[in-house]
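The values are calculated or read from the model by the stated rules, or taken from the named source; none is laboratory data. As the structure is a prediction and not an experimental result, all values here were calculated from the model. As a convention, Cβ positions derive from the backbone with ideal geometry for all residues, glycine included, and neighbour counts pool all protein chains shown.
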Amino acid sequence: MKKVIISLVSLSFLCFSCAQSTTSPTVLTQSTGGGTANAPTATPTVTSTPTLVPISSGTPPPIPVNTSLPVPTPSSPTPAGAFPVAFVNNTHGAYADNQIYIFMVGMDAKGEWCWVTKDGVMTPINGTDANAPGHLSYNGVNYPNYSFTVADAGAINVPTFITGGRIYISLGSPLYIPVSGSGSSNGWVAPNPVSPTDPNYNTVFDWYEFTYVNVAANPSVAATYPNGVHFGGNTTQVDMFGLPMSVRLIQKETSYDQSVGIDTTEWTRAQIFAAYEGFVNPAFLSLVLPNKARIVAPGKALASGLSGSYSTYLDSTISAAWSYYQTHTLNLTGGAVGGQIYTGSVDPVSQKFTFYYYAYSGATKQGPFYISLPSTEDVFAGNGNLATIDPATQADGSSPPDGWIELALEAQFCAALNRGVFTNGSEWSTPDLYYPSSTPHNDYAEFWHTLSGSGLAYGFCYDDVNAQSSVQILPNDDPPDNVIVTIGD
């Protein structure tokens, strides 16, 4: 039996974007009817159409700092431990500041969901807010008015404790957010990007995800967060793409200055949609919504019950890979799981990928761990057989627990299958070899890596495997000096 060896550079099974996307309650929907996406008030002014070079031909350059765009500052001094977030309108004249809406949400130290006001105040969500003075209404249903515009506040101070945070940006309309309950049992419902009956279906929107806990400013949480939570955030296309944006994160004391996302000076929404339609395999074209409000991720579409030619796009590739590893051995090594050596192959009878690990070369093997044959949906969405602890796996309380190891292995499998390198073990940790034209893969994810600064994007939920995602994490729990969100159209 032949051996295929890869380096297990990253064996984490819980990506930041996946973790964020599971925090909201089940989506509620309201009747809205048809229509088209909110149109800009003016045609965007751009100079030329950029050239899109496949990422397999080389890593895209970083996003340059556009010094011609003024960066707003908060109207009041930033409190100790807090940090400013600035919103820069780079829609090329398509939307005025009073047409760009911001909805910021996250959980406070009490475990309550809160919305953040234009003055930077964490305010607990309450079901009665839907009928409060100034509330929003759509199709006869009332919603809270939690948004402010860039004209209202071009920058705000974000509090010292916020977990599961999201900054939603919508163009031309505020978001209609169902809310319920109060206190620690309160909740909110994220917009459903694929449902025509969602009140936000025709609204162009997108979001940035982040978490931050400054323990010096919150001593009451020191037992839970002894080292605080370093600011971590990311742009994401795990669920969908709505509008181009970039986020520049700055912390002067550590010389951290990094931008992620899409260069809004170079790309408009119209150019991105046209580029996508000319880039991907025809199987991925139906992911563009008829109203052009967004491009939906194949994993999100499948998990939402939508189908298309993408539904089985990887089935034959996955089956061929499973057959390949009936006669080949996959070996994984790396410090992320304590330096153990993992080796496995597919059992021809059970059709399960069966792994064992060795603490060191020549040691007694431990295991087994099982991964069942995944479907195309499992790969695109990171669920099913690629997010499951097999019943046969012994949960013996070892360190690390067997179930954790199995899930971590599944994250690696998910990444390799999305990137089209599953049967080429030496390529699992080589980004320049991802998305080969010779092997079917996730064209949707490939497109965002090709388009994004430095080739970093969250095109699927385990895109953080081998550090290919757009995650930004500061080296300490001190606040950022600035988070600059540049908004395009």
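Within region 116-141, the residues that satisfy the criterion of being free of Cβ contacts under 8 Å to residues at least 60 places away in the same chain and within 28 Å of the chain's Cα centre (by Cα) are VAL116, THR117, LYS118, ASP119, GLY120, VAL121, MET122, THR123, GLY127.
Scan region 432-449 and give yes if some residue there is β-branched (Val, Ile, Thr) and either touching a strand residue (DSSP E or B) at 6+ places or on another chain (Cβ under 6 Å) or outside any loop (DSSP other than H, G, I, E, B) (or both), otherwise no.
Checked against the condition, which is being β-branched (Val, Ile, Thr) and either touching a strand residue (DSSP E or B) at 6+ places or on another chain (Cβ under 6 Å) or outside any loop (DSSP other than H, G, I, E, B) (or both), region 432-449 yields no hits at all.
Please determine, by comparing only the residues of region 338-396 that are over 13 Å from TRP322 (Cβ atoms) and acidic (Asp, Glu), which one is surrounded by the most Cβ atoms within 10 Å (Cβ to Cβ). It comes out as GLU377.
Is it fair to say ALA109 is in contact (Cβ under 8 Å) with a residue 40 or more places away in the chain, assigned to a loop (DSSP other than H, G, I, E, B), aliphatic (A, V, I, L, M) and touching a Leu at 6+ places or on another chain (Cβ under 9 Å)? In short, no. Close Cβ contacts (under 6 Å, 6 or more residues apart or on different chains) running from residues in region 317-331 that are part of a loop (DSSP other than H, G, I, E, B) to residues that are β-branched (Val, Ile, Thr) comprise TYR325/VAL346; GLN326/VAL346.
Residue check: PRO60 meets all listed conditions (1) part of a loop (DSSP other than H, G, I, E, B); (2) crowded, with 18+ Cβ neighbours inside 10 Å; (3) modelled with pLDDT of 95 or more but one, namely (3). For SER454, are the conditions met, namely being within 30 Å of HIS92 (Cβ to Cβ), surrounded by fewer than 20 Cβ atoms within 10 Å (Cβ to Cβ) and either hydroxyl-bearing (Ser, Thr, Tyr) or touching a helix residue (DSSP H, G or I) at 6+ places or on another chain (Cβ under 9 Å) (or both)? It is true that SER454 is within 30 Å of HIS92 (Cβ to Cβ), surrounded by fewer than 20 Cβ atoms within 10 Å (Cβ to Cβ) and either hydroxyl-bearing (Ser, Thr, Tyr) or touching a helix residue (DSSP H, G or I) at 6+ places or on another chain (Cβ under 9 Å) (or both).
Among residues of region 280-298 that are farther than 18 Å from THR236 by Cα, those with a beta-carbon under 8 Å from a residue that is polar (S, T, N, Q) at least six positions away or on a different chain give the pairs PRO282/SER309; ALA283/SER309; SER286/SER309; ASN291/THR36; ASN291/ASN202; LYS292/THR36.
Of everything listed in (1) part of a loop (DSSP other than H, G, I, E, B); (2) in contact with a helix residue (DSSP H, G or I) (Cβ under 7 Å, 6 or more places away or on another chain); (3) farther than 30 Å from SER307 by Cβ, the single unmet condition for PHE355 is (1). Looking at SER438, SER429, just one residue is within 19 Å of PHE284 (Cα to Cα) and polar (S, T, N, Q), and that residue is SER438.
When only residues in region 215-242 that are of a type in the set (A, V, I, L, M, F, W, C) and within 14 Å of the chain's Cα centre (by Cα) count, which is farthest from PRO50 (Cα to Cα)? Looking at residues that are of a type in the set (A, V, I, L, M, F, W, C) and within 14 Å of the chain's Cα centre (by Cα), I get VAL238.
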